[in-house]
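So the structure is just underneath, and the comments pick up after that.
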Amino acid sequence: MMTEVEVQSERVDDIPLLIEQMQKMGMAEIIDANIKPHWRRQGLSVGQTIVTWLTFVLSESDHRLSYVEPWVARLLGTLKRFINPALTEQDLNDDRLGDVLRYLSHDPSWTTIEQEIGRRTIRVYRLPQDCVRLDSTTVSLYHDPEGTELIRHGHSKDQRPDLAQLKVMLATLDPLGVPLVTQIVSGKTADDGLYIPAVDQARAVLGQSGLLYVGDSKMEALSTRAHIVAGGDYYLTALSLKGTQAELLAELVQLALAEEQELVDVFRDPVGGQEPKLIAQGYETSRVQEALVANEVIQWQERLLVVYSPTLAQSAYRGLQGRLQRAEEKLLALTPVPGRGKRQYDDLALLQAAAEAILQKYRVTGLLQLTYERQVSHRQIRKYKERPARTEEKVRYQLHLSRDEAAIQAQFRMMGWRLYVLNAPAEQFSLAQAILAYRGAPNIERDFSRLKGRPLGLQPAYLRREDHLKGLVRLLSLALSGLTLTEFVVRRSLAAENGALAGLYPGNPKQETQRPTTERLLAAFKEITLSVVQLPGQTIIHITPLTPIQSRILKLLDFSTSIYTDLAANNLPNPP
């Protein structure tokens, strides 16, 4: 007698880990407490829908709406166990997901959600909260900007002037890069006006003063610095070389070059037994600043950090050498050897104007010495019919050039120097600590890279509705929080035990790392399969046993292995 056996398999992979992470963040509960959908909405709550969608985004590195429903259909049994036993694939169809984006685009609701998730995350994960970094980026998208305030053509940081842009401003916790604030504005909006609102929103999340706000030279506006001071916080920003600030930097650098100021060495902490690396040298001075805030004049002491970076100097010098070489090639091409098809200049003023344009284009004015030689050639023309014999005179100018090595070396000595401003007392942030804090900028740049590229893939966006686009950016900022948190917690746990993690690199399974990325951690959970075997009178559930590396990652995250093993813990007889 044949026994009918039905086997169903689902690839569980990293899904339990991702859902556990979001449950620990309290994401679904916070969202459901602040978003009230239409009273006729049925099925999954908005919070549960978002958690399921974010699981798809992080597991599949894809946020496209139309791909979510078939993914849910393939993993229906697993998702029911973790999200809601009543879940159906229709709960995540395009229309439902569009509604979710519309809910997230509602500014008052999002502000409360962002604040509450941020506060809970800081409390649950005991995150350091003494340094906040701010920066912005543009996101390119295919869209007709006519009739919308958010989507506008502007300066593209991604070199896509052909596409419309919107701008995303982030305030993140250093050193981990967890987003606290996500602002979405028009692509044509100037950066300097975004900092004060971002600082205010970060303060609302953190609920304390005395923090350090770090930003690049776009944060240098005196009004921004004054606003931070008035709120009882500190700022650290680089000054651009505009106007009198370039002159100020030159004066302060001359003091260092003349050895009138003693320089402090700044070293990067050694990694993996390496020797400490010198990354900067500098000294500091101070000045009094004054500004009007809320109709009140405030004054404060501002520290000026004059900092030299050997790496920046060498990079700038290589760039200068490249510009000099290209300029020399273009200049010499102005006066080629006479020949067929070779244009010659017979007007000195025109040649000088062309040469000056090249010098300006390659920013080497004053570094090349140009001389112009007037050359005259004569050619005898024989008599022809009524025209008498004559001597024809032809004038051409030849350009000669040489490098002004003294001027080049003088410019090289000024390379690598930057000016930073800081209002925190030296006892709290020394010059070395301030430089190391500023050098943490790659963390937020990684956030932008993840947000726009892999794994979140926001750019280029194809959504046509402005509210959907706004909601999508906010949805992906939640996914970004999950990515950065996972990475930070594992790295912190490894540092606490002074250990390393091996088995994350397929080509070299013995290679160890103390700083694994979330992407590699999630990839370690591939090929975990949940199988459900239906026998007459009994259901057998089996899950692929966890490997040692998978168990260790869960331990580093302070997650129990039961989030996987419990999936197979109910091998029970079928109900009659």
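Read the figures in this text as sums done on the coordinates, not as results from a lab. The structure displayed is predicted, hence computed values, not measured ones. Every residue, glycine as well, gets a Cβ built from its backbone with ideal geometry; the counts of neighbours run over all protein chains shown.
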Among Ile279, Trp71, Ala246, which residue has its Cα furthest toward the positive end of the charge dipole of the chain, with +1 on Lys/Arg Cβ and -1 on Asp/Glu Cβ?
Ala246
Debye sum, Cα scatterers, the chain, no solvent: what log₁₀ I/I(0) at q = 0.13 1/Å?
-1.38
Spin-label point model (7 Å from Cα, Cβ direction): what's the His378 to Ala357 distance in nm?
3.5 nm
Near the amide H of Leu458, under 5 Å away, which other amide H atoms are found, from residues 5 or more places off or on another chain, if H is placed in the peptide plane?
Lys452, Gly453
Quick one: what are the phi-derived ³J(HN,Hα) couplings along segment 99-106, Karplus 6.51/-1.76/1.60 with θ = phi - 60°, whole Hz, x for glycine and proline?
4, 4, 5, 5, 5, 5, 6, 6
Could you work out the per residue convex hull volume over the alpha carbons of segment 518-560, in cubic angstrom?
74 Å³
Going from the alpha-carbon gyration tensor of segment 295-450, what semi-axes, largest first and in whole Å, does one get by taking the root of 5 times each eigenvalue?
57, 16, 15
Label-point separation, Glu296 to Ala426 (7 Å along Cα→Cβ), nm:
2.9 nm
Backbone HN-Hα couplings from phi across segment 167-182 [Karplus 6.51/-1.76/1.60, Hz, Gly and Pro as x]
10, 10, 10, 10, 10, 10, 7, 8, x, 7, x, 6, x, 9, 9, 10
5 Å is the cut-off here: which amide hydrogens, built 1.01 Å from N in the peptide plane, fall below it relative to Leu501, excluding neighbours closer than 5 in sequence?
Thr513, Gln514
Between Ala569 and Arg74, what is 0.36 nm times their sequence separation minus the Cα-Cα distance? Round to one decimal in nm.
176.1 nm
Can you give the extra length, in nm with one decimal, that the chain gains between Leu278 and Arg520 once fully stretched, where that is 0.36 nm per residue apart less the Cα-Cα distance?
84.1 nm
Gain upon complete extension [Thr513, His542; 0.36 nm per residue less C-alpha separation]
7.2 nm
222 nm [θ] for the chain, helices only, -39500 (n - 2.57) per DSSP H run of 4+, per residue, to 500?
-12500 deg cm²/dmol
Counting only residues 5 or more apart in sequence or on a different chain, those whose built amide H sits under 5 Å from that of Val264 are Gly282, Tyr283
So, R0 is 35 Å and r is the distance between the beta-carbons of Gln245 and Glu497; what FRET efficiency does that work out to, to 0.05?
0.15
Give me the angle, in degrees from 0 to 90, between the Cα long axis of helix 466-496 and the longest principal axis of the Cα atoms of the chain, rounded to the nearest 10.
80 degrees
For segment 256-363, shape from the Cα gyration tensor axes a ≥ b ≥ c, cut at a/c of 1.5 then a/b versus b/c, turns out oblate
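Which of Lys218/Lys361; Lys24/Lys218; Lys242/Lys330; Lys242/Lys470; Lys24/Lys188; Lys361/Lys470 have a Cα-Cα distance over 31 Å?
As for pairs spanning more than 31 Å Cα to Cα, those are Lys24/Lys218; Lys242/Lys470; Lys24/Lys188; Lys361/Lys470.
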